[in-house]
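The values are calculated or read from the model by the stated rules, or taken from the named source; none is laboratory data. No experiment lies behind these values; they were computed from the predicted model shown. Glycine gets a Cβ as well: all are built from the backbone with ideal geometry, and neighbour counts include every protein chain shown. Quick note on the areas: whole protein, heavy atoms, side chains included, nothing else; ligands and nucleic acids left out. Shrake-Rupley method; radii C 1.70, N 1.55, O 1.52, S 1.80 Å.
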Amino acid sequence: MNRFLINTVLLERNRWETHRTPSILVSEWLERFKEDGFDGLELWENHVIKAQKEEVQLLKKSPFKVDTYNSYVRFEDGYEEERESSANMIRELQVNKVKFNLGSKPDLEERYLENLQIWKRDLPAGCRLLCECHPGTIMEDPFEVARIYDELGSSQFEAIVHPFNEQQDLKRWFDCLGSTVTHAHVSLYKSQSFHHLADEEEFVKKRAAILRNQKFAGTYSMEFAKGTSCPNENQEVVYNNALQDRHYLQNLLRT
């Protein structure tokens, strides 16, 4: 059975603000997440890096665990302190899956990978590193990701897909990377706004069929939902829309 995570960036109004200062305490939502049937957290880094120590301790002690640490550390030179702070928090929370991104400049690929390997050594032993293979980065093409992962030479590197992004050829990701694809960010963005999965039923059913046919057994993380980034964004509305999307997707994956 697939595991579904709540991505705490879903609830964060300041996710794209310049300073990305958290507006919520994740600890105050933990019981609700559990009651609503989520299997764990994908924790947006700033919800701990920029939080008080008391908040970090509450998350550490909670039985509702951080499954994936969602980091935006940069791998250019000059961000060593940022990477060190992130690694320290990952070790403190004892997380064994970390989401990361690489940069956009192909001429810096060698430097990105060297710094990534150094950072990897600072993480908990055996920690799995999940690259969010975003458009606009050197990891946007699955063939290139496969080449880079072969160069890195470690089974600890895995990949995140966005199965309901119409710009992403989902089958090609599995063709190129196979079981290296272990995590999916769930959201449906079209015409400059987020939508319910059910709003694009034919498209979503086709993508769900690919996931079933590939026997994808990774985790799903509810990243964004209808109402995200709208004027007067409402956390309750966005969260309940994410719950609807999760139920809809769970039903599709069973058929």
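His47 meets each of the listed conditions (1) in contact (Cβ under 8 Å) with a residue 60 or more places away in the chain; (2) farther than 23 Å from Tyr248 by Cβ; (3) part of a helix (DSSP H, G or I) apart from (1). Scanning the range 183-197 for residues that are surrounded by 21 or more Cβ atoms within 10 Å (Cβ to Cβ) and out of contact with any helix residue (DSSP H, G or I) (no Cβ under 9 Å at 6 or more places or on another chain), we see that the one that is farthest from Gln168 (Cα to Cα) is His183. Tell me, yes or no, whether the range 29-50 has at least one residue that is within 16 Å of Ala87 (Cα to Cα), within 20 Å of the chain's Cα centre (by Cα), of a type in the set (A, V, I, L, M, F, W, C) and open to solvent by 20 Å² or more (accessible area, probe 1.4 Å). Yes: the range 29-50 contains one or more residues that are within 16 Å of Ala87 (Cα to Cα), within 20 Å of the chain's Cα centre (by Cα), of a type in the set (A, V, I, L, M, F, W, C) and open to solvent by 20 Å² or more (accessible area, probe 1.4 Å). The condition (being polar (S, T, N, Q) and open to solvent by 70 Å² or more (accessible area, probe 1.4 Å)) is satisfied by just one residue among Asn70, Asn101, Asn115, Asn96: Asn96.
Just one of the listed residues (Leu243, Leu253, Leu211, Leu249) is open to solvent by less than 10 Å² (accessible area, probe 1.4 Å), over 30 Å from Leu116 (Cα atoms) and not in a loop (DSSP other than H, G, I, E, B), and it is Leu249.
Listed here are the residues, each with its yes/no results for (1) open to solvent by less than 10 Å² (accessible area, probe 1.4 Å); (2) within 23 Å of Gly78 (Cβ to Cβ); (3) touching a helix residue (DSSP H, G or I) at 6+ places or on another chain (Cβ under 7 Å); (4) not in a loop (DSSP other than H, G, I, E, B).
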{"position": "Asp107", "(1), (2), (3), (4)": "no, yes, no, yes"}
{"position": "Arg121", "(1), (2), (3), (4)": "no, yes, no, yes"}
{"position": "His134", "(1), (2), (3), (4)": "no, yes, no, no"}
{"position": "Phe143", "(1), (2), (3), (4)": "no, no, yes, yes"}
{"position": "Tyr149", "(1), (2), (3), (4)": "no, no, yes, yes"}
{"position": "Pro163", "(1), (2), (3), (4)": "yes, no, yes, no"}
{"position": "Leu177", "(1), (2), (3), (4)": "no, no, yes, yes"}
{"position": "Asp199", "(1), (2), (3), (4)": "no, no, no, yes"}
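Check whether at least one residue in the range 220-233 is within 22 Å of Cys133 (Cα to Cα), part of a loop (DSSP other than H, G, I, E, B), open to solvent by 10 Å² or more (accessible area, probe 1.4 Å) and hydrophobic (A, V, I, L, M, F, W, C), and report yes or no. Yes, because at least one residue in the range 220-233 is within 22 Å of Cys133 (Cα to Cα), part of a loop (DSSP other than H, G, I, E, B), open to solvent by 10 Å² or more (accessible area, probe 1.4 Å) and hydrophobic (A, V, I, L, M, F, W, C). Considering (1) part of a loop (DSSP other than H, G, I, E, B); (2) over 21 Å from Gln235 (Cα atoms), the lone condition that Glu54 does not fulfil carries the number (1). Restricted to the range 1-28, and to residues that are out of contact with any Ser or Thr (no Cβ under 8 Å at 6 or more places or on another chain) and assigned to a helix (DSSP H, G or I), which residue is most open to solvent (accessible area, probe 1.4 Å)? Checked the range 1-28; the qualifying residue most open to solvent (accessible area, probe 1.4 Å) is Glu28.
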